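Student: Can you keep this structure in mind? I'll have questions shortly.
Just so it is clear, none of the values below were taken in a lab; they were calculated from the coordinates. Here the structure is a predicted model, which is why all the values come from computation and not from measurement. When we count neighbours, we look across all protein chains shown, and the Cβ atoms used for this are built from the backbone with ideal geometry, even at glycine.
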Amino acid sequence: MQGVGHMMKTTARPGASSLRSRRAVLRLMVVALLAPATFAALPHRDAGADGGLREAGTLDRRTGLDSIAANGNILIEAGARRGWQAALHQGRMLLFEVDLDSLALLSTTQIPELMPAVTTAGPTEWQWGLEPKARRIIAIERTIDPQLRVEAHRLIWIDLRTKTVTQGPQLWPGSTRFPLALATHGGGETVYLLTRAPAEVAGRSRLWLEERSLDGTRRFEYLLDDCFNAQDMQYAPVLARSALKANTVYLTCYGPGNVQSQVVRVTISAAGPSRVEIFPGVPGPLSAQFDPGSDRVFFLTTNGGAGRGAWVFDGLRSSFLGVIASGDNRVGASDYAMGIDPATGRLYMETPAGLLVADARRTPLPAGLLFREFAGQVIGSIHVDPATRRVFIPSPFVKNPQGQSTEYLILKDSIRVSKDPPAGSPDALTVDAEERAGVTDVNYTGGARAFALRALTTGGAQRMAWNLALGQFSPEDRGFDTAAATVATVPLDQANRDLYAARVRNVTIGNASSEAAASFGDADAGTLRDAQSTNLAWPFPPAECRDDEGKPAEQSGTGAAVSCDLAATSVTGSSALTGSSADEGALLSTRGLIAFGNVARNDRDGLVARAIAIVQDVAIGGRVRIGEIRAEAMARAKGRPGTAAGTFERFIENVRIDTDGNGTVDFSCEQCRPQAVAAAIEQALPGQVKVEFPQPDPVWFGGSRGGYQAVVQKETFRGYAEKTLNDDDSPEVTGMQLTFFADARAGRSRQVVQLAGVQTESHYGIYLLGSDAPEPTPEPEPTLAPVPTIAPTIDVPEAPKPPQPVVAGTKTVTESFVRRIAAGSHVALANPKDALLLGTLWLFLGLPAYLIWRRRHVGAR
Amino acid sequence: MKRKLLKAVPAALAVVLLSTVSFATRYVSKNDTRTYTVDAAGAPIDASQAGGPAGSGPGATSGPGGVGGPAPVRGGRALECVRGRNGGATDTGVSGSAIKLGATVVKTGIGASFLKEVPIALQAVVNKVNRGGGICGRLLSLKMVDDGWDAARGQQFIRNFISEGVFALAVSPSSEGLDAAIRNGDISKAGIPVVGADGMLISQYTDPWVWPVAASTITTMHVMAKNARDRGAKTFGLVYDKSYHFGVEGASAFRGAIRRMFGSTAALKADIGIEAGQPSYKNDVDRFNGRCNPCDFVAMLLEPPTALQWIRDGASFGAMEPGGTGGPQPLFVDSFARACGQPCNGLWVWTGYTPPIPPFDDLPAVSAYVNDLRANSSTVDVNNPFVEGGYLGMQLLVKALRQVGADLTRARLRAVLDSIVLSDGLTVPLRWTRGSHFANNSVQAFSVVMNNGSFEKWRDERTGWIADPWVGLDAPKR
């Protein structure tokens, strides 16, 4: 109180009021600056680190003009912080320059020479590309001779600094081509064009690939035989030069059947295309995009055949990886838009259910996150500013009477980009030490699976029946959507059917338990439930055994037997049945089926897992006869370097095929090469069946370096693809696989027949008794197939940063202080309650010091 | 002016001094949080707790002798955390070279559809620990027996373990038998620790000798109901499995939540219990659909085979979009989603774990879990939350054993567990205290994503962790 009294006294001094006010202000300023620094000492969560999506502005899409060029797209020039838009107005092309940071319109340039390339069906994508290093846009100019009604096309270059246009030579003098896609390479030194000629048959024509030099000189043109244009003129195909594979170009087109879009990979040599590979894709995509950082192609689909989402083809592994699905199947909600961040590979998909955000470079593919607050039906493309991670989405909220988005909704993406998790180091579970009683002990687990025959009906019998009916109609037919939706909601009738004959479901053994199960006939849960609900006893009950306590057990059933012996470290399962002969005329028939699995431990090899599957006398479609298909897998491990290994062997014997159906055998072999057999079967049953001979995963197959494990199972990426395409998540490598396709409007419908499937694994870890053994540091082993390590050259500049003041010698301290102040301010704003509490605390703490000072100050007077 | 400036100097100095203090507290606090090391199972060890509570439990003659603590003394000899000097047989089931553990597991019967692979997780942690030399020179010796999710058989097996003299029960994922043993007093009478249980039944949370890692079914149903109400649901339907306690307890919690939120259970239009594993539920489904036609939200408190048949018989789903239908953790398995097909599109399921599903699968703790499992089985379903719960439960046990150290007794283990914190990233940070074993009270939702009628993936529904607002309430009286 004494101090307070002094204060009151002091304030009575003439002229002191303004001085006190100034001091108070000064002190408040100091405290205001320092207080946030103290707030920063509080633990807090940075709301921006994983903060989701937030709105960061809007941008006019220039839809008020006559027509938007390039579907209203905006070219993002991230390095120069510019966005470029184009629109046609009163017969002239306007080029809009936008500041990417402020979103302000900087300039509008009329380019009289420039007209958008159009096709006979009407305006379509204006083909243009950005060359960021040279700061220019490369586009195709189209002119029409009004008298002769002849179109002419030229390459043009727009210098983005001066906004001037340079014209190249005419592209196709004397003939008519329609450009579909344009891509550049090498700083614009090389230009690729995908074009189509005038319609050849029923409005469709094959496509050409061209490579030209900067001055327009054609280096090669190549007719893509099995590559057709889409009938949907709004569909913009992909054309891109790979940044990861040398001399490789990816493009998309339709196949001859006019149903499926496909990926085409062209390898280019000095003389032109040296290799053309076609990968059948998905029916009726809306659009396709390419990710330069992963060589992945994304097909956006919203139809009954492919579902709704982005189907993903991985160019590095030459395989479809699956689909990033929206999960939305409401009738009529089928307008989607898609875009990719070239820096991170993040996929953005605007759907009526929400904005889907997925890290599309992941393997396996993720489901993504759905932001329902941005749901809406839009068409067009999504664009990404990779430097600031801002996403330009045709707004689902602001549209003109025609339903067209009139502005971009710009979202700032602060979601953490997830990556494939690091591979484990299985050899960390063993030490390189000789096994000795009382010095070491072991942990081991092993397993084997085998089946002779498997029939997987993807989509179930119900969908297959519907496909046969619906497959004749087009999605545009009246009532199709309703019918398809009805099919899609029939409960469980579309569930897959999965039947096995001669199956060793599993034989496994570990330190503490052993178990085995085998049956001659096995089925999926739905089929077993059907049997149960109709009071039918399943005719093939499994033989099962378990030994957890050193009491050997065995059991035999109809065509199956198992035995478990923990003490002897051995477990076995088998199933077999042989008949008199195969039925020649049946779609598929066999005479003998055998499956065998065993895991046992021995002193020499450690834990050894074996699986054998045999199918004898196979008849397919009345024209193919195979004497025997046999697959054998073995995995062994003994816990020391060089002791883990796997083997896989496939035997195809005595094959006779009537390839042309004239009743005579024109392909035969005794010990047969798989690829020759596949080609002969596909020739004998053209268009009906796909024949494959899968290989085991090469990474696990050879065994881990330290000897801990060996695994023989389906190749990992094949597993991802089959899980997506066929709902097949089985681990077995098959001796032969036949896929009969019945895909149609009701969805995927396939009959997958697998013959002679085997899988084995062995894990064996040695550990020391006696003391805490140090952890070894083995080299980590990749879990994924190796991919090329060429770094992509993508123009992704750093995000713009404000200029930083630099003071020699004090930079770090100053920056640290500024950061602390900023962080503290953030806490103060984010958590006012804590801020208030802390402020109060400091007031209490500071009050005595202040009073002492005041006392001395006044006393000194 | 100069004088004025001089006068301001003390004030500025004072503020700078105080500010410095605040910086200092920041660094002190930082040092506090840096006293963790990582144990062989990958879990962080809090060295400040590594010694365990001093003097707790019988047989503790001096310090606990855990990792980083002062050396304990037993019989006049100082114990060390190495084989040969660890005190030997310090308690039931403990020898100088091994710690005997038991677990009732489910490999057969209806519960096998989601519990069958949990033993792989338990064994994976055991292998890893033993490979690192065990704990203070003692290897883990885990015996697992299959009780088929049968309460009576499970209880008998637990009694067998007790009479055989195992030191502790590790996880014991077969919840029905464990529930029976708890309720009959077998666990407390024997004073046998049950560590890392993930059976989700309420009895596990109230027994002082059980330390569960899972969020209880009651918590799940509380959160499910409240989340639906918060999203706008006004009418509710409930179908539950009355054959097993998880269904009965969950139903009670759901009713309690509705009553608490709406003042009565009038909003619960349908409330139907069904027997598990029946070939048909058509009559029950008709009753349900007659009352829920449709309801805004439907809670499907069933295990997978029963749920599949229920759906197949035409039961209605919740009308609310999204997430009109919610399911408990047992439905969070790929095999269920795949078998269900299109009807399950958009079904929300709730779990108390962080599953290895993007965007969480690259988190260090989650990827370590996956790699540890894969090193023991290349085909195990790592997405199955019960498998993850088994792994986490074993990690809790290992962490606690390490903290107890050489002088291992049940009482000392109990004391450590009653103050331990587990924050390895697979859940929200978990803390058990004496008198409260409700450590995990938060769950989050994931949804089934179908494409064209086929199961694709699970999707994080971005609910984040939602804490149970009524922890421990609504347990049914038995």
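Student: With no solvent and one equal point scatterer per Cα, compute the Debye intensity ratio I(q)/I(0) for the range A:577-680 at 0.12, 0.13, 0.17, 0.21 Å⁻¹ and report its log10, rounded to two decimals.
Tutor: Rounded to two decimals, the profile gives -0.53, -0.59, -0.80, -1.03.
Student: Can you pick out the pairs among A:K690/B:K107; B:K107/B:K242; A:K133/A:K163; A:K133/A:K245 whose Cα atoms lie more than 27 Å from each other? It would help to have the intermediate numbers written out before the result.
Tutor: On the way: A:K690/B:K107 38 Å; B:K107/B:K242 22 Å; A:K133/A:K163 16 Å; A:K133/A:K245 21 Å.
Exceeds cut-off: A:K690/B:K107.
Student: Can you compute log10 of I(q)/I(0) for the range B:98-247 with the Debye formula, treating each Cα as one identical point scatterer, at q = 0.17 Å⁻¹?
Tutor: Cα-only, vacuum Debye calculation for the range B:98-247: -0.94.
Student: Let me have the relative contact order for the range A:588-691, percent, based on Cα pairs under 8 Å that are six or more residues apart. Provide the component values of the computation, followed by the final result.
Tutor: Values: 226 pairs, mean separation 19.5, N = 104.
Normalised by residue count, the contact order of the range A:588-691 is 19 percent.
Student: Lys and Arg at +1, Asp and Glu at -1: add these up for the other residues within a Cβ distance under 14 Å of B:L473 and post the number.
Tutor: Details: positive: B:K226, B:R255, B:R259, B:R260, B:K477; negative: B:E249, B:D468, B:D474.
Around B:L473, the surrounding residues sum to +2.
Student: For the range B:203-279, what does the relative contact order come out to in percent, with C-alpha contacts under 8 Å and a separation of six or more? Please report the intermediate quantities before stating the final value.
Tutor: On the way: 78 pairs, mean separation 26.3, N = 77.
In percent, rounded to a whole number, it is 34.
Student: May I ask which of B:K100/B:K189; A:K551/B:K100; A:K723/B:K143; A:K551/A:K723; A:K412/B:K457 have a Cα-Cα span longer than 28 Å here?
Tutor: Values: B:K100/B:K189 19 Å; A:K551/B:K100 20 Å; A:K723/B:K143 35 Å; A:K551/A:K723 39 Å; A:K412/B:K457 26 Å.
With Cα atoms farther than 28 Å apart: A:K723/B:K143; A:K551/A:K723.
Student: Right, another one. Tally Lys/Arg at +1 and Asp/Glu at -1 over every other residue whose Cβ is under 12 Å from the Cβ of A:S519; what's the total? Kindly include the intermediate steps, with their values, before the conclusion.
Tutor: Details: positive: A:R503, A:R505; negative: A:D522, A:E544.
Once positives and negatives cancel, what remains is 0.
Student: Starting from 0.36 nm per residue, how many nanometres of slack lie between A:T164 and A:R604 once their C-alpha separation is accounted for?
Tutor: Working: separation 440, 0.36 × 440 = 158.40 nm, distance 7.84 nm.
Extra length from A:T164 to A:R604 when fully extended: 150.6 nm.
Student: For the range B:143-244, state which trypsin sites (Lys or Arg not before Pro) are in a DSSP loop and have at most 10 other beta carbons lying within 10 Å of their beta carbon. Intermediate values should be presented prior to the final figure.
Tutor: Details: sites: B:K143, B:R153, B:R159, B:R183, B:K189, B:K226, B:R229, B:R231, B:K234, B:K242; in loops: B:R231, B:K234, B:K242.
Those that pass, being in a loop and sparsely packed, number zero.
Student: Using DSSP to define loop residues, name the trypsin sites (Lys or Arg not before Pro) in the range A:359-432 whose beta-carbon has at most 16 other beta-carbon atoms within 10 Å. Display every interim value, and only then the final one.
Tutor: Values: sites: A:R361, A:R362, A:R372, A:R389, A:R390, A:K399, A:K412, A:R416, A:K419; in loops: A:R361, A:R362, A:R389, A:R416, A:K419.
Sites meeting the loop and neighbour criteria: A:R416, A:K419.
Student: Also: So, counting K/R as plus one and D/E as minus one, what does the shell of residues with Cβ under 11 Å around A:A367 add up to? Before the final figure, lay out the partial values.
Tutor: Values: positive: A:R362, B:K457, B:R459; negative: A:D359, B:E456, B:D460, B:E461.
Neighbourhood net charge equals -1.
Student: So for the range B:283-432, averaging the separation of alpha carbon pairs under 8 Å that are six or more residues apart and normalising by length, what relative contact order in percent results? Could the numbers behind the result be given before it?
Tutor: On the way: 176 pairs, mean separation 26.1, N = 150.
Over the range B:283-432, the number comes to 17 percent.
Student: Additional query: Bin width 10 Å, origin at 0, all Cα-Cα pairs of the range B:211-323: what percent of pairs per bin?
Tutor: For the range B:211-323, the binned pair fractions read 16, 48, 32, 5, 0 percent.
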